[in-house]
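The values are calculated or read from the model by the stated rules, or taken from the named source; none is laboratory data. Quantities reported herein were computed from a predicted structural model and do not represent experimental measurements. Glycine gets a Cβ as well: all are built from the backbone with ideal geometry, and neighbour counts include every protein chain shown. For the accessible areas, the whole protein counts, side chains as well, though only heavy atoms, and no ligand, DNA or RNA atoms are used. Shrake-Rupley method; radii C 1.70, N 1.55, O 1.52, S 1.80 Å.
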Amino acid sequence: MENSAQDKRIAVIGIIIEDKEMAESVNALLHQYSQYIIGRMGLPYRERNMSIISIVVDAPSDTISALSGKLGRLPGVSSQALYTKA
C-alpha cells in the first residue's frame, strides 16, 4: 500500500564514512532507497581520509529511520537524520 503525502516527511540524513571500504555498501543502500532521495551532496575530506555525504529524502518516517539506522550500523559509518517539523 502506498503512503499518502501526509504520511511523508522531508529529512536530511548526514553520513560520515571513515572506512573507505564501506563506500560501496553505503552506495548500495542509497540505491535501494533511491525512490525517496531528492538530492545528494558528497564531499571527500582528503586531509582526514573520510567522506561526508548529505542526503535529502521525502519518505515516511519509518523509512527514513530504517535507512539512517542501516547506514549507521555499517562499520566505520556514522549516520544521523534531521527531520522537518511538519
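Working carefully through the options ARG9, ARG40, find the one that is in a strand (DSSP E or B) and modelled with pLDDT under 95.
Criteria check complete, one pass: ARG9.
Pairs needed: first member in the range 27-39, free of Cβ contacts under 8 Å to residues at least 24 places away in the same chain; second member anywhere, part of a helix (DSSP H, G or I); C-beta distance under 7 Å; at least 6 residues apart or different chains.
ILE37/LEU30
Tell me yes or no: at least one residue of the range 18-31 is in contact with a Ser or Thr (Cβ under 9 Å, 6 or more places away or on another chain), open to solvent by less than 60 Å² (accessible area, probe 1.4 Å), at pLDDT 95 or above and among the β-branched types (Val, Ile, Thr).
Scanning the range 18-31 turns up at least one residue that is in contact with a Ser or Thr (Cβ under 9 Å, 6 or more places away or on another chain), open to solvent by less than 60 Å² (accessible area, probe 1.4 Å), at pLDDT 95 or above and among the β-branched types (Val, Ile, Thr).
Could you list all residues from the range 45-77 that are assigned to a helix (DSSP H, G or I), open to solvent by less than 30 Å² (accessible area, probe 1.4 Å) and touching a Phe, Trp or Tyr at 6+ places or on another chain (Cβ under 8 Å)?
Passing the criteria: THR63, ILE64, LEU67.
Across the range 72-86, what is the total count of residues that are touching a residue at least 12 places away in the same chain (Cβ under 8 Å) and either farther than 13 Å from ILE52 by Cα or out of contact with any Leu (no Cβ under 7 Å at 6 or more places or on another chain) (or both)?
Qualifying residue count for the region: 10.
Can we say ILE13 is in contact with a Gly (Cβ under 9 Å, 6 or more places away or on another chain) and within 15 Å of LEU82 (Cβ to Cβ)?
No.
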